[in-house]
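Data first, discussion second: the structure below is written as structure tokens.
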């Protein structure tokens with residue numbers, strides 16, 4: 001499977017998971033992918049700064065992307081309240 005397809009698949013699942021954890025629902029397939037992909041970038045950046053690694057593979061990447069996506073949604077909701 002191509003790396004781009006894996007990236008989109010992980011983004012979709014991470015976006016959906018973060019929507020379930022933070023808001024209680026997803027954001028539609030495109031919204032979930034966008035949130036998950038942005039979360040993967042944010043999560044990878046933050047964990048590398050902290051010197052942490054979740055390992056490679058689908059599960060490790062999914063955990064990193066979900067952590068980043070949850071943080072992204074949390075910050076988004078904080079700005080939305082203000």
* To do: Select, from 39, 15, 44, the only residue that is at pLDDT 85 or above, within 14 Å of the chain's Cα centre (by Cα), more than 17 Å from residue 76 (Cα to Cα) and part of a helix (DSSP H, G or I).
  => 44
* Failed criterion for residue 23 (all others in (1) surrounded by fewer than 17 Cβ atoms within 10 Å (Cβ to Cβ); (2) closer than 10 Å to residue 65 by Cα hold) -> (2)
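Residue-by-condition table, conditions (1) at pLDDT 90 or above; (2) in a helix (DSSP H, G or I); (3) touching a strand residue (DSSP E or B) at 6+ places or on another chain (Cβ under 9 Å):
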residue	(1), (2), (3)
8	no, yes, no
24	no, no, no
53	no, no, no
68	yes, yes, no
* **Filter result for residue 30 (touching a helix residue (DSSP H, G or I) at 6+ places or on another chain (Cβ under 8 Å) and either outside any loop (DSSP other than H, G, I, E, B) or modelled with pLDDT under 90 (or both))** => no
* If the Cβ limit is 6 Å and pairs must be 6+ apart or interchain, which residue in the range 62-80 that is in contact (Cβ under 8 Å) with a residue 12 or more places away in the chain and at negative phi pairs with which residue that is assigned to a helix (DSSP H, G or I) and surrounded by fewer than 16 Cβ atoms within 10 Å (Cβ to Cβ)? -> 70/21
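The values are calculated or read from the model by the stated rules, or taken from the named source; none is laboratory data. No experiment lies behind these values; they were computed from the predicted model shown. Glycine also receives a Cβ, built like all others from the backbone with ideal geometry; neighbour counts cover every protein chain displayed.
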